[in-house]
Amino acid sequence: MHAPAPRTTPVALVHFALAMGGFAIGTTEFATMSLVPYFAHGLRIDEPTAGHVISAYALGVVVGAPLLAVLGAKMARRTLLIALMASFGLFNGLSALAPTYGWMLVFRFLSGLPHGAYFGIAALVAASLVPDNRRSQAVGRVLLGLTVATVIGVPLANWMGQAIGWRWGFAVVAFLASLTMALVYWLVPQDRPASDASPLRELGALANGQVWLTLGISAIGFGGLFCVYTYVASTLLEVTRVPATMIPVALAIFGAGMTAGNIIVPKFADRALMPSAAVLLLGSAAALALYPIAAAHFWSLCLAVFAIGFAGALGAILQTRLMDVAGEAQGLAASLNHSAFNTANALGPWLGGMAIAAGWGWTSTGYVGAGLALGGFLVWCVAMLVERRSLSPAAVA
């Protein structure tokens with residue numbers, strides 16, 4: 001285990017420093033989607049081609065999370081966090097300077113590499129500073145940075161992209177990364193890596209069935225959220241028929257739901273972790289199933305997206321679950337959660353797009369999303385059944 005040196009910095013300030021990194025990451029992850037028309041024009045490509053830039057970032061997250069967690073196994077966690085954020089800031093800055101589409105793809109892939117490892121290590125640091133019965137709340141505070149980004153950072157980056165050029169939408173993220181580095185350096189306590197830390201020990205997480213089941217819950221169960229979020233703007237224009245100026249309002253309400261979820265849910269999760277996950281998965285399925293009906297009116301659609309966003313608190317729960325089941329391979333398991341999260345980010349929009357292309361309409365994403373949430377709940381049931389059998393007297397004997 002990492003043994004932090006004596007500290008005098010209030011825990012809340014340490015969590016704030018870690019959450020600032022989440023704010024920077026959340027801003028670039030979600031704002032890039034809204035900047036597609038602008039950098040498509042600037043790089044002289046069509047919008048579908050520009051969309052590959054988003055996929056390149058997600059691929060970077062999936063690849064980078066396990067790779068950097070394993071390679072950084074012998075580093076002090078504070079040092080690793082600063083290095084990850086330095087890399088993140090550098091490649092976002094280079095994204096702002098990308099001269100061609102090809103270079104943009106490369107820089108966005110490289111920007112995604114530190115994403116998952118940062119969140120995984122930051123969650124471990126945050127949880128290490130509080131009692132065990134408050135770990136989910138600590139993880140939730142780190143993820144608050146990402147959710148607040150959907151309310152503040154994304155509109156800011158989008159406004160800058162429209163007002164002074166799309167490149168500034170990436171430049172502001174590079175500045176936020178620099179700010180995070182300074183805050184982590186000054187506020188996060190110094191630590192030393194465990195004497196027996198090694199990449200091989202981290203890889204031991206891959207032999208743990210409960211780690212894979214938890215990742216399965218994330219990769220499938222979160223898909224419904226992204227399925228709806230990706231096409232909510234088109235749904236507002238084509239089904240709800242509101243002015244384009246109302247789209248940011250709906251997206252901000254979605255972000256407010258995620259923020260509320262990450263504040264409220266972890267308090268219950270610290271008492272009953274996996275039951276809380278089940279409630280969120282089933283609640284998400286219900287909200288997603290109601291979304292096609294709610295899309296008829298702006299006010300009801302906003303209620304639905306708030307509820308869908310609220311279920312995003314599942315991320316903090318699964319991050320804590322991985323701490324419980326990963327044994328000594330904490331870094332890799334925690335980072336893999338964000339690989340799974342971005343797998344959901346690819347799976348949900350892909351399946352939703354198939355339903356739309358098949359002629360089922362924009363609101364069909366709600367039904368597809370509900371199916372994914374129920375799929376995540378099915379994996380949850382398997383995880384609980386396997387755990388119960390492993391703890392039974394017959395299994396122990």
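The values are calculated or read from the model by the stated rules, or taken from the named source; none is laboratory data. Owing to the predicted nature of the structure, the values given are computational and were not obtained by experimental measurement. Ideal geometry is used to build each Cβ from the backbone, glycine not excepted, and the neighbour counts take in all protein chains shown. Side chains are part of the model used for accessible areas, which takes the heavy atoms of the whole protein and leaves out ligands, DNA and RNA. Shrake-Rupley method; radii C 1.70, N 1.55, O 1.52, S 1.80 Å.
Numbers at a glance
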{"quantity": "Filtered residues of segment 88-103 (kept if at pLDDT 95 or above and either in contact with a Leu (Cβ under 7 Å, 6 or more places away or on another chain) or charged (D, E, K, R) (or both))", "calculated": "Phe91"}
{"quantity": "In segment 316-331, the residues that are open to solvent by less than 10 Å² (accessible area, probe 1.4 Å) and either among the charged types (D, E, K, R) or under 16 Å from the mean Cα position of the chain (by Cα) (or both)", "calculated": "Ala316, Ile317, Leu318, Gln319, Thr320, Leu322"}
{"quantity": "Criterion violated by Arg44 - all others in (1) within 19 Å of Leu176 (Cβ to Cβ); (2) open to solvent by 40 Å² or more (accessible area, probe 1.4 Å) satisfied", "calculated": "(1)"}
{"quantity": "Residue in segment 253-306 that is farthest from Gln210 (Cα to Cα), counting only those that are open to solvent by less than 10 Å² (accessible area, probe 1.4 Å), touching a Ser or Thr at 6+ places or on another chain (Cβ under 7 Å) and small (Gly, Ala, Ser)", "calculated": "Ala295"}
{"quantity": "Wholly enclosed helices (runs of 4 or more DSSP H) of segment 253-354 bearing at least 1 residues modelled with pLDDT of 95 or more", "calculated": "273-294, 298-310"}
{"quantity": "The listed residue being at pLDDT below 80, farther than 19 Å from Gln330 by Cα and surrounded by fewer than 24 Cβ atoms within 10 Å (Cβ to Cβ), out of Val106, Val36, Val11", "calculated": "Val36"}
{"quantity": "Which numbered condition Val151 misses (of (1) open to solvent by 50 Å² or more (accessible area, probe 1.4 Å); (2) more than 30 Å from Ala277 (Cα to Cα))", "calculated": "(2)"}
{"quantity": "Tally, over segment 177-190, of residues that are surrounded by fewer than 20 Cβ atoms within 10 Å (Cβ to Cβ) and either among the hydroxyl-bearing types (Ser, Thr, Tyr) or not in a helix (DSSP H, G or I) (or both)", "calculated": "4"}
{"quantity": "Residue, farthest from Ala289 (Cα to Cα), within segment 225-244, restricted to residues that are open to solvent by less than 30 Å² (accessible area, probe 1.4 Å) and of a type outside the set (S, T, N, Q)", "calculated": "Val242"}
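Rundown of residues vs (1) open to solvent by less than 40 Å² (accessible area, probe 1.4 Å); (2) among the charged types (D, E, K, R); (3) within 22 Å of Val154 (Cβ to Cβ), yes/no style:
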residue: Gly26; (1), (2), (3): yes, no, yes
residue: His52; (1), (2), (3): no, no, yes
residue: Ala56; (1), (2), (3): yes, no, yes
residue: Val61; (1), (2), (3): yes, no, yes
residue: Met85; (1), (2), (3): yes, no, yes
residue: Tyr101; (1), (2), (3): no, no, no
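Residue by residue, here is whether (1) modelled with pLDDT under 90; (2) in a helix (DSSP H, G or I); (3) surrounded by fewer than 19 Cβ atoms within 10 Å (Cβ to Cβ) holds:
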position: Ala126; (1), (2), (3): no, yes, no
position: Leu146; (1), (2), (3): yes, yes, no
position: Gln162; (1), (2), (3): yes, yes, yes
position: Ala174; (1), (2), (3): no, yes, no
